Amino acid sequence: MKYILSAEEMRSADARTAELMHVSSAVLMERAALLTAERVVKRIGKKRRKVLIVCGPGNNGGDGFACGRILLEKGIETDFLYIGDEGKMSLLEREQFLSVRALKEEAVFMGSLPVMDHDIIVDAIFGISLSRNVEGAYADVIGRINGARRSGAFVISIDIPSGIEADTGQVMGIAVEADETLVCGFYKYGNFLHPGTRYSGKLILGDIGITEKSLSGKPRLSYLEKNDIRLPERIPDSNKGSYGKVLLFAGSSDIAGAACLAGKAALRSGCGMVRVLTHERNREILQSFCPELLISTYGDKGKEKAPAEQLSLFDNVNVPEESMTKALSWCSVIAAGPGIGTGKQAGERLSYLLKNAENRPVVLDADALNIIAGNMDLLTDCSSEIVITPHLMEMSRLTGIPVAEIKSHLTSVASDFATGYHVITVLKDSRTVTALPDGRVILNTNGNNGMAKAGSGDVLTGIIAALIAQGLPPEKAAYLGVSIHGAAGDRAFHKMGAHGMMATDIIENIR
């Protein structure tokens, strides 16, 4: 697992590297410049290319001037464009600026450049320091950089594309559309969060001397590396009971598909047994889809009188069918929600499961979350460890926060909910985040837009439940399950393409 830093954490790490590791900021700047120059030289190859370095006031601009100075020393035709007030240059940037001026004074343009006819453009305008919308000359130059890219120029950003807010990935009015971003030391939130990740192009992580020893504590945000993403090991001397029993409360009288997908995904992910608690009409469909599933059914208890979200409490729930009580005593983990509906009977059964979980971990998704949104006591009164897996709309129902606001503040919304309700919160989006009750957040970095299909979330529910059944702590099962889900989706994407792949293809690529 590797860390992702906020802008403030990165500034602190930079300062601590100088103070405690005795590596000066000037040395860090030079190393960042060397790595950027290497990327430029690699792009040039043996061809004659013309390079433009665009600098703003601050140390990111200093990185740019230092990079260009190295290119000039190598005999590469390089121009510089400085935007902003020369008096606002940082001390380190000014030293690099004067060094370039001494080497080739006519290469530096101040304020405007008549034509951007360069083959390679290095963006060193803002870096991680941007805190307000880009306007005026800065916006004009960024627009011209993007126009030059569309005309064939290759754009490299240093640390993060200028115009992207480092902590949210949001576009601050306008942002550089980079082909490649050289990230110094540690990835930043905005390198991975949308839309910042799209503007970043290919991410190159460069070692400039800022290491984990430079950190004042464990950063809040991290991600799994490729080698971390694997199913639990199996032991030779084992049987089906060794790998846990999942009780899956899924499927209503009108919906069987969600139960099919979640159940099969759990088996594909390695758990020993899956028992689906579902409406009696789904038995034949489930047995045909996946005969390995165990099935316990219930029937209707009279006509539904009110949707669950209109009921304030389920305190007077009758003991449900015998099949339900037996299934509950049989299992080691409970997953509930896919396709159960939001009516009174679904609410009663969910309430009974949560009140009688008896410290069995619980995974809640889909309709279970919609029921809970109308009665948050169901969540707080459960004594078990809980994993919730809402998409943006479900999270909006749970929190009352508009979808657009959630989408632009994924990590903070998920973290606030996880710590406030003490539940593991898997907030699903194109960049799914798993927030833990202790404040840590794990950002998922794989997956693709082909997974934006009905049933994909049901598959994730099955994967997470299966990992818990096999003995993983619920918090690890949650963030690892998200990454396994994304990796399976990537394999399906390469086989089927984004348009053709379905949730069932994700299941078949779990490994």
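Report, in listed order, any pair from LYS326/LYS476; LYS2/LYS88; LYS2/LYS50; LYS2/LYS495 with a Cα-Cα distance greater than 31 Å. Walk me through the intermediate numbers first.
Numbers: LYS326/LYS476 28 Å; LYS2/LYS88 35 Å; LYS2/LYS50 36 Å; LYS2/LYS495 29 Å.
LYS2/LYS88; LYS2/LYS50, as the Cα separations exceed 31 Å there.
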| query | If you plug each phi of the range 283-293 into the Karplus form 6.51 cos²θ - 1.76 cosθ + 1.60 with θ = phi - 60°, what whole-Hz ³J(HN,Hα) values come out, in order, with x for Gly and Pro? | reply | 4, 4, 5, 5, 5, 6, 6, 8, x, 6, 6
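Before anything else, pin down the relative contact order of the range 242-508: Cα pairs under 8 Å, at least 6 apart, normalised by residue count, whole percent. Please report the intermediate quantities before stating the final value.
On the way: 580 pairs, mean separation 54.2, N = 267.
Reported relative contact order: 20 percent.
When you count, for each residue, the other Cβ atoms within 10 Å and take the mean per peptide, how do 69-77, 210-218 rank with the highest first?
69-77, 210-218
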| note | Measuring from the longest principal axis of the C-alpha atoms of the chain, the long axis of helix 59-73 (C-alpha) lies at a number of degrees, nearest 10, equal to 50 degrees
| note | Computed ³J(HN,Hα) along the range 226-233: with the Karplus parameters 6.51/-1.76/1.60, θ = phi - 60°, integer Hz and x for glycine or proline, the list is 4, 5, 7, 8, 7, 5, x, 5
| remark: For the chain, the dipole about the Cα centre with charges only on Cβ (Lys and Arg +1, Asp and Glu -1), to the nearest 20 debye, works out at 1240 debye
| Per 20 Å bin, what is the whole-percent P(r) computed from every C-alpha pair distance within the chain? | 22, 44, 25, 9, 0
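Rank-order 264-271, 202-209, 31-38 by packing density, defined as the average count of other C-beta atoms within 10 Å over each peptide's residues, highest first.
Working: 264-271: 25.2, 202-209: 15.5, 31-38: 21.8.
The densest-packed peptide leads the list: 264-271, 31-38, 202-209.
Please work out the FRET efficiency for the pair LYS495 and MET393, using the Cβ-Cβ distance as r and a Förster radius of 35 Å; give the result to the nearest 0.05.
E between LYS495 and MET393, to the nearest 0.05, is 0.75.
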| Taking Cα atoms, how many degrees apart are the long axis of helix 410-421 and the longest axis of the chain, rounded to 10 and kept between 0 and 90? | 40 degrees
| said: Using only Cα atoms and rounding to the nearest 10 degrees, what angle (0 to 90) does helix 257-268 make with the longest principal axis of the chain? | reply: 70 degrees
| task | Kindly list the residues of the range 87-102 that lie in the label zone of GLU77, defined by a backbone N under 20 Å from the point 7 Å along the Cα-to-C-beta vector. | result | 101
| said: I'd like the Karplus ³J(HN,Hα) series for the range 466-478: coefficients 6.51, -1.76, 1.60, θ = phi - 60°, whole numbers in Hz, and an x wherever there's a Gly or Pro. | reply: 5, 5, 5, 4, 7, x, 6, x, x, 5, 5, 4, 5
| request: Consider a paramagnetic label point 7 Å from the Cα of PHE109 along Cα→Cβ; state which residues of the range 68-86 have an amide N under 16 Å from it. | output: 77-84
| message | Test of understanding: express the Cα radius of gyration of the range 138-182 as a ratio to 2.2 N^0.38 Å, with N the residue count. | response | 1.08
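Find the relative contact order for the range 417-490 and round it to a whole percent, using C-alpha pairs within less than 8 Å whose residues are 6+ positions apart.
Numbers: 98 pairs, mean separation 22.2, N = 74.
Reported relative contact order: 30 percent.
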| So who's got an amide H within less than 5 Å of the one on ILE295, skipping anything under 5 residues away but keeping other chains? H placed 1.01 Å off N, in plane. | VAL276
| query | Which three lengths, in whole Å and largest first, does the range 235-274 cover when its Cα atoms are put on their principal axes? | reply | 42, 14, 7
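So how do 281-291, 372-382 stack up, highest first, on mean other-Cβ count within 10 Å? Please list the in-between numbers first.
Values: 281-291: 15.5, 372-382: 17.8.
Listed from highest to lowest mean packing, they are 372-382, 281-291.
The numbers here are math on the coordinates, done by the rules we state, and not lab data. Everything numeric in this text was worked out from a predicted model, so none of it was measured. Cβ sites come from the backbone with ideal geometry, for glycine too, and all protein chains shown count toward neighbours.
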